[in-house]
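The structure appears below as structure tokens.
Read-outs throughout are calculated quantities, based only on the coordinates presented, and are distinct from any laboratory measurement. Predicted model only: the values in this text are computed from it and were never measured. Cβ placement follows ideal geometry from the backbone for every residue including glycine, while neighbour counts extend to all protein chains displayed.
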């Protein structure tokens, strides 16, 4: 089977060899076996089920979460000469009927459906007559209440194995810990199949975290060298999303807001712009992103704390899917921690669920506060071991650790003596010897710790409290309106049983550089293109964009960036040489080869 699969890989998709892990999965699905596959984004999971579909003479159903993703995948397949179709509400009635007829006639090997459309009883009955070979569930973590992005409509997919007992079922995700994987496998195929984990590491992503001080100056520093790149800036609220997009627009960035409060047509237009243009900053809530398959996203920035490490991993995973360098930055502050705790407490009545989500948030805060390699900390959460990466802020610019035991005892003493009933703002006022009405009314100016921390600025104590919360020395009690309370580790410090190791706080400048290159903060290495090839690459990108706009498809559907870079480097002069470029299959060679050869020849 592998030989036939390799032939399809080369002759249809234009690639010389499988990436690591792909061939095993292709063979498994082609043999009719069930599988749950966990692969890092950018590892080429689509080919793992598209090739088995082409090896079969029966239909493959792909369940996908978003209309835009279905359209893009079908467009990409058709660009390679593969007959594929989708049926969804975004198509006209005539288009839906025409697509279904081609499927029913056996002219299409791949049919893309949303979970809602698939689980319609009429659709299930119609598909039963076609006897599908494979069901593929993309973004499979959505089926599990243990995972992030749970969608009730996905959970209904658990009946597929009973309705279609002869079909193979495959789930694909990039984000699932052990508990989530077990739950997905049980729901999709009752545990009767293989779970294949091909790792979570994305070595091309540069990881960085900074305490939030002034988000405007911090994001401008991060984006300073990225005006010509596409990226995503994530915000927690719709209002903040609009504010950030407007701010970046005033600084001459091509910034577009995206959130669920905007009408569907505006969201669709904005997403199409992001997918087709090369230098767009999408400022968005988490309403944007699932299933976004734009390979050349060069950065992801979080201006607010994500919900968990799983959510963070999934969101940064949208960058660098082409395997080329990309950069991430996460800003976090005490207000974000408090808000996230509040969201958890307001999420229904299930106390076990709340406890689980609090623990997940604890893990994210520990990652934010890590003083060692970020990648090691992130991968260990997913039960994967890794050495120090040399490509995160802590590896490139190790933080300086100092003894903060004295200050910690001051802080914990004031929290204890005020009854563990107040948030950070009041505690800091007491520590610094303030004379607010709240302090005077409650007699907190008579406490032993009053004014004990006056030598440090307010910003210092805010940063100190963030570290204490992230390190589990303090907790934030949402039910008491964000009151700081002393945890077991904090009591150990107060009792002299433990010291408080503090990442040095410097409030005269950003607390730590996000990245490091030639001594400058916020920079990452440029894409691996030789100086003499950059003008040609720019020309090829412009040509690609023109073609994509005429065909009304995302630019990467014509050719991904990696293919254009190989063209710029190797400068093929004939169609035969062009055919040897990775990503140039026979259909694309026929449709675009001569046009791109002409552009290359013009600059040789």
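Rounded to the nearest 10 degrees, what's the angle between the helix 586-602 long axis and the longest principal axis of the chain, both from Cα atoms, 0 to 90?
That works out to roughly 70 degrees.
Test of understanding: what is the full-extension gain from residue 33 to residue 371, defined as 0.36 nm times their sequence separation minus their Cα-Cα distance?
Value of the extension gain: 117.3 nm.
Scaled to the compact-protein estimate 2.2 N^0.38 Å, what is the alpha-carbon radius of gyration of the range 2-197, rounded to two decimal places?
Rg over 2.2 N^0.38 Å, computed on Cα atoms: 0.95.
Using only Cα atoms and rounding to the nearest 10 degrees, what angle (0 to 90) does helix 121-130 make with the longest principal axis of the chain?
40 degrees
Run through the DSSP bridge list for the chain and note the antiparallel percent, rounded to the nearest 5.
Antiparallel: roughly 15 percent of the beta bridges in the chain.
Grab the Cα-Cα distance for residue 346 and residue 179, subtract it from 0.36 nm times how many residues apart they are, and report the gain in nm with one decimal.
My answer for the length gained is 57.8 nm.
Take residue 448 and residue 124, extend 7 Å from each Cα along the Cα→Cβ direction, and tell me the distance between the two endpoints in nm.
In this crude label model, residue 448 to residue 124 measures out at 6.8 nm.
Between residue 499 and residue 201, how many nm apart are label points set 7 Å from Cα along the C-beta direction?
Inter-label distance under the simple model: 3.3 nm.
How would you classify the range 34-147 from its alpha-carbon gyration tensor, with a ≥ b ≥ c the square roots of the eigenvalues: rounded for a/c under 1.5, else prolate if a/b is greater than b/c, otherwise oblate?
The shape class here is rounded.
Under 1.5 on a/c is rounded, so check that first for the range 316-437, then, if it is not, pick prolate when a/b is larger than b/c and oblate when it is not; a ≥ b ≥ c are the square roots of the alpha carbon gyration tensor eigenvalues.
In terms of gyration-tensor shape, oblate.
Counting alpha carbon pairs within less than 8 Å and at least 6 residues apart, what relative contact order, in whole percent, applies to the range 2-197? Before the final figure, lay out each step's value.
On the way: 331 pairs, mean separation 53.7, N = 196.
Answer for the range 2-197 is 27 percent.
Could you compute the FRET efficiency for residue 7 and residue 78, with r as their C-beta to C-beta distance and R0 at 22 Å, rounded to 0.05?
So the FRET efficiency works out to roughly 0.65.
Share of Cα-Cα pairs in the range 283-364 beyond 22 Å, in percent? Each step should come with its number before you reach the end.
Details: 1068 of 3321 pairs.
Cα-Cα pairs in the range 283-364 separated by more than 22 Å: 32 percent.
What's the ranking of 392-402, 176-186, 491-501 by average number of surrounding C-beta atoms within 10 Å, highest first?
Ranked from most to least packed, the peptides come out as 176-186, 392-402, 491-501.
Please tell me the relative contact order of the range 205-396 in percent, rounded to the nearest whole number, where contacts are Cα pairs under 8 Å and at least six residues apart. Spell out each step's value before the answer.
Working: 299 pairs, mean separation 50.4, N = 192.
26 percent.
Whole angstrom only: what separates the Cα centroid of the range 426-489 from the Cα centroid of the range 538-581?
Measuring centre to centre over Cα atoms gives 58 Å.
Average projected area of the Cα convex hull of the range 92-149, in nm²?
The directionally averaged projection comes out at 5.0 nm².
As an exercise, take the mean of 1/r over every pair of distinct alpha carbons in the chain, invert it, and state the Kirkwood radius in angstroms.
26.2 Å
With a Förster radius of 41 Å, plug the Cβ-Cβ distance of residue 247 and residue 384 into 1/(1 + (r/R0)^6) and report the FRET value to the nearest 0.05.
About 0.65, to the nearest 0.05.
Pull out a ≥ b ≥ c, the square roots of the eigenvalues of the alpha-carbon gyration tensor of the range 254-314, then state rounded if a/c is under 1.5, prolate if not and a/b is larger than b/c, and oblate in the remaining case.
Here the range 254-314 falls in the oblate category.
Tell me the relative contact order for the chain as a rounded percent, counting alpha carbon contacts under 8 Å between residues six or more apart.
Normalised by residue count, the contact order of the chain is 14 percent.
Kindly express, to the nearest 10 degrees and within the range 0 to 90, the angle between helix 178-189's C-alpha long axis and the longest C-alpha principal axis of the chain.
In the chain, helix 178-189 runs at an angle near 30 degrees to the longest axis.
Scattering from the C-alpha atoms of the range 401-503 alone, worked out with Debye: what is log10 I(q)/I(0) at q = 0.12, 0.20 1/Å?
For the requested q values the scattering log ratios are -0.34, -0.98.
Modelled label-to-label distance, residue 603 and residue 131, 7 Å Cα→beta-carbon offset: nm?
5.3 nm
At a Förster distance of 30 Å, what's the computed FRET efficiency of residue 582 paired with residue 216, Cβ-Cβ distance as r, to 0.05?
0.15
Distance between the C-alpha centers of the range 95-120 and the range 44-72? Whole Å please.
When both Cα centres are located, 12 Å separates them.
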